[in-house]
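Everything below concerns the one structure shown next.
Readers should treat all values here as calculations from the given coordinates under stated rules, not as data from a laboratory. All figures in this text were calculated on a predicted structure; none of them were measured in a lab. Don't worry about glycine lacking a Cβ; one is built from the backbone with ideal geometry, like all the others, and counts go over all protein chains shown.
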Amino acid sequence: AQTVTQSQPEMSVQEAETVTLSCTYDTSESNYYLFWYKQPPSRQMILVIRQEAYKQQNATENRFSVNFQKAAKSFSLKISDSQLGDTAMYFCAYLSRGAQKLVFGQGTRLTINP
Amino acid sequence: NAGVTQTPKFRILKIGQSMTLQCTQDMNHNYMYWYRQDPGMGLKLIYYSVGAGITDKGEVPNGYNVSRSTTEDFPLRLELAAPSQTSVYFCASSYETGMIGNQPQHFGDGTRLSIL
């Protein structure tokens, strides 16, 4: 069974700094998807960024980018020029291609300080 | 553009009561999901559905039932509420095709349920 591990329960940085959240996963599959979801205090689950395993190029979405290391089974999220609105829980998630079950990590609570 | 709508947002139940958490989506998504999120944890899949009339168990299905009579609606039922079911419940939906592959899941705002 696939597992997702986020080893940083909490992180805190100053506004405008860059922060990197770690995620590792365990799988024997070659085709899959990886996601980062943001959960602000409002509790919504908001998709931040998505990576297809067959793509070597790292996904980027404005200030958010990933460092996808397939061989190492690592999928870290980098937030550049952090903003107060980035304060949230961040979940890394894995999805097999053709499957229905997202597997979530435990989450990292990120606080951006003014 | 409603997306995924969950009702109610909050509910307190007594042990042994039953209730139905409603979920509806207006994106014509074929896949729908129910998750629970316990404090400080990630989401765990309760049940999912790949289309009307088709449902399947997820990781933690015990104590719950679902039905999918229409594409839009995917209610979750608790028959005999227990304190262990105190959690935040999220409904999600996605559109999956063999060509495009899995699409991101869109989540509702959650239902906070307390069993006392």
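In chain A, the convex hull through the Cα atoms has an average projected area of 6.8 nm², a quarter of its surface area.
Between their Cα atoms, which of B:9/B:57; A:101/B:44; A:38/A:78 are more than 18 Å away from each other? Spell out each step's value before the answer.
Details: B:9/B:57 24 Å; A:101/B:44 9 Å; A:38/A:78 13 Å.
Table pairs above 18 Å Cα-Cα are B:9/B:57.
Both radii are taken from the alpha-carbon atoms of the stretch B:4-115; with Rh as the Kirkwood radius, Rg/Rh is 0.96. Each principal axis of the Cα cloud of the protein assembly as shown was evaluated for its coordinate range; sorted largest first, these ranges are 48, 43, 35 Å. Put simply, the amide H of residue A:32, placed in the peptide plane, has neighbours under 5 Å in A:53, A:54, A:97, leaving out anything fewer than 5 places away on its chain.
Shielding value for A:44-51 is 3, the average number of Cβ atoms from other chains within 10 Å of each residue's Cβ.
Could you work out the relative contact order of chain B? I mean the mean sequence separation of Cα pairs under 8 Å and 6+ apart, divided by the number of residues, in percent. Let's see the in-between values first.
Numbers: 301 pairs, mean separation 40.5, N = 116.
Across chain B, relative contact order equals 35 percent.
Farthest towards the positive end of the charge dipole of chain A, among the residues A:8, A:114, A:91, is the Cα of A:91, using unit charges on the Cβ of Lys, Arg, Asp and Glu. The charge dipole of the stretch A:3-113, taken about its Cα centre with unit charges on the Cβ atoms of Lys, Arg (+1), Asp and Glu (-1) only, comes to about 340 debye.
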